[in-house]
Amino acid sequence: MVVVCIVAILVPNLGNFHFSGSGTAAAADPNQITNTGAGGQLLQSGSVVVTGQYIFWANAGDAAADETAGVYRSNRDGTGLVEVSDAEPTDGIILDGDTLYFIAWGGNAGEQGNYLVRIGLDGSGYRELTDKDEVAVQDMQIVQGRIYYTYDYVDSDDDDEEDDTGVIAAINEDGSGQSDLYSNSNGVDSFQISGDTIYFIVSADSNDDDSQSELYSLPLANTAAARPHEFTQTAGCSDFKVIGSEIFYLGEDDDADTILCMISCNDSDNHVLLDGSINGDRYRDFDEFIVEGSKVFFVADIDYGEDDVESLLCSFDINSSAVTVIRKGKDDISELQGNDGWLYFSVWTDDVSGTSYQNETQDTDGGYNLYRLNLNGGNAQLICDDAIDDYSIVEGQIYYQIPTWQSSQSALQFRVIGLDGTAKITVSGNGSMIGSSAYQSTPAPSTSTSTDTWQSHTYILYYENWCEYSNQVTDWLNQHPQVAAHVTLVLASTNPAVQYIPCLYIDGAQFGTGADTVVQKLEDDFSDVVGSATSNAYSPSTVTNGQSPVSGQSSAAGSNVSHADLVPDSATSKISASDLAGLTDAEIEVAINEIYARHGRPFTKIKELDTIFYTPGGYYNGRYSEDSSFKDSDLSSLETKNAITMRKLLRKRGYTSYKADAQLVKQFVATYGE
């Protein structure tokens, strides 16, 4: 039985505080956020977006293998349902002009990551903007024609601590101009853009039991001099929403209980709004919250023991500091949204077999019904007794999907109702595919004004990410961006005529195959851009100062010689696996830690590293100094990427544990001394 009640609970007053934010749920919920796009236009985002005569639906499916997963389009009257992309969206979609953007599911963890996709309203122009073989995109927002997103690296091994690295990056909507703004080896959980600032959560260090997640900020116009700001009062931050000049967030108290807090965007005036209890009862979980006007609406669970758990829907008045329990019962409450003076939310029920639209019979496995009540907590109404799977409120209507496991009529059903639950429409159509998911890369737009002959030709490189020789060519292109801007990359699997890779096509005709042949041709044709016919790719075996060891040659232990860094360019240039061909596995292990030693990282687990880098008479003769204040965030994103590249190479060679890493260091010491 569900009990609806109004209970006022007073908590300490906030004094002279006056709420100054906009107080709209649309601005608070990242899934419903409106982002300022190019030209000041507002962008729609969510499970549903509406433009012109069309409704676009993001269907993540009920399982990874669900064939109904994809992006769909229907007319506003509910007719003409078609599929514009079979790439599976992991969350919502963003509409900017005549283009849709979303994050697509990349496949099994550890093999491929989620990736950014753009596609036209008619399904044409499909583009994958990130490489799913290298990075896994987590979240995205669009501001002024620029896509901001978070990603981590496709995990090659659960024991690899560098694989947990989280990155905040940006890329233009056409796929050009990618740049990393921030990276941290502990990971980035979520982010929100407000005004000219990015706010984000850095995960706790999984190797430190005392570590807690923290809230950070970074200027949107990121420059080399910009440094992230750590909010020092937000320990244990697990969720947050920026409203105007205030940040509402979930933190932790000394007992590791969740507390609701508020802090100014300038990192001042931190207030604890809810201290872990409601009416004297400690809540077990604080599930979600939104901010509407001067009230915070939230869901919390109270555990009375022996499986006696109640779900509470509550409000907190920011001005009076009063807590009101609006609804309590055994059924789960979720998906809070605010709109036009009403609070909408879904409630789980074990029985959805009652009469619904057109009297169809639903399964009795349970599902979520949709309710609403006014912001004062009264006039609660059941407005939809369908078993809904996510819902969006757009332009005065509610859009939702019937889960395929609840539907008795078809494998895929979308519906539309009014804000009061009336005028229900079931979207109809065969859902057939009209778009394309064929991969096409997006070359960066040309900025050259040269009139040389190569400008009158088209260059297409067919490649595959798993091919080492393909990677040699793409690495060369990464080192020559002026050439890369004029070479289109296409996966060879999309062209049956391509039998060998890498393969270069010029003006639609095959020129040649093989890394050496392709690079030589590009060097010849673009000699005025490259500068010479010799690649400047870094090779550890050609260090110019002559002090780097050659594999197999030992160096006397305890000498006063300070050897050159094994990979001296790892702080300034992108390193690929092929660049490491001149190093042994033991040298690569030390080269990884070389990156950290430059910043003074203490080596407390493998003591030999401490001697190698920081002790006079050691391999580096004490050239580097240990710094107890070291943080992984001291590394640049380039350094982090290079460390990951080297670590992944060792993992592929069978060094898949911390113990194996330590053994490599011992091999290095045996060869060169400490």
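The values are calculated or read from the model by the stated rules, or taken from the named source; none is laboratory data. Fair warning: this is a prediction, and the values are worked out from it, not measured in the lab. For neighbour counting, all protein chains shown are included, and Cβ atoms are generated from backbone atoms with ideal geometry for every residue, glycine included. We work out accessible area using only protein heavy atoms, side chains counted, and drop any ligands, DNA or RNA first. Shrake-Rupley method; radii C 1.70, N 1.55, O 1.52, S 1.80 Å.
For segment 189-283, the solvent-accessible area works out to 44 Å² per residue, with a probe of 1.4 Å and every protein chain left in place.
Order Arg623, Arg127, Arg372, most accessible first, counting only protein heavy atoms with a 1.4 angstrom probe.
Working: Arg623 95, Arg127 60, Arg372 25 Å².
Ranked from most to least accessible, the order is Arg623, Arg127, Arg372.
Look at the Cα gyration tensor of segment 558-652: its axes a ≥ b ≥ c give a/c of at least 1.5 with a/b at or below b/c, and that counts as oblate.
Of the trypsin sites (Lys or Arg not before Pro) in segment 239-333, which ones lie in a loop per DSSP and count no more than 14 other C-beta atoms within 10 Å? Intermediate values should be presented prior to the final figure.
Working: sites: Lys241, Arg282, Arg284, Lys295, Arg327, Lys328, Lys330; in loops: Lys330.
Qualifying residues, ordered by number: Lys330.
With R₀ set to 30 Å, the beta-carbon distance separating Ser264 from Ala322 gives a calculated FRET efficiency near 0.85. For segment 466-517, the list of chymotrypsin sites (Phe, Trp or Tyr not before Pro) that fall in a loop by DSSP and count at most 13 other C-beta atoms within 10 angstrom reads Trp466, Tyr500.
Extension gain, Glu464 to Asn376: 0.36 nm times the residue separation minus the Cα-Cα distance gives 25.8 nm.
For segment 573-621, trypsin sites (Lys or Arg not before Pro) are listed when DSSP marks them as loop and at most 14 other Cβ atoms sit within 10 Å of their Cβ; the list is Lys605.
Couplings 3J(HN,Hα) for segment 143-150, derived from phi with the Karplus relation 6.51 cos²θ - 1.76 cosθ + 1.60 (θ = phi - 60°), are 9, 6, x, 10, 8, 9, 8, 10 Hz, where x marks Gly and Pro.
Need the full-extension length gain, Thr615 to Ala509, defined as separation in residues times 0.36 nm minus the C-alpha distance. One decimal, nm. Kindly include the intermediate steps, with their values, before the conclusion.
Working: separation 106, 0.36 × 106 = 38.16 nm, distance 5.90 nm.
32.3 nm is the gain from fully extending Thr615 to Ala509.
Taking amide hydrogens as placed 1.01 Å from N in the peptide plane, the amide H of Ser47 sits under 5 Å from those of Ile93, each at least 5 positions away in sequence or on another chain.
Counting only protein heavy atoms and using a 1.4 Å probe, the accessible area of His599 comes to about 50 Å². For Val71, the accessible surface of its heavy atoms amounts to roughly 0 Å² (probe 1.4 Å, protein chains only, rounded to the nearest 10). The distance between label points at Asp332 and Ser211 comes to 3.0 nm (points 7 Å beyond Cα on the Cα→Cβ vector). Computed from label points 7 Å out along Cα-Cβ, the spacing between His457 and Ser432 is 4.3 nm.
Here r is the Cβ-Cβ distance between Asn75 and Asp301 and R0 is 56 Å; the resulting FRET efficiency, rounded to 0.05, is 0.85.
Rolling a 1.4 Å probe over the protein chains gives Trp454 an accessible area of about 10 Å².
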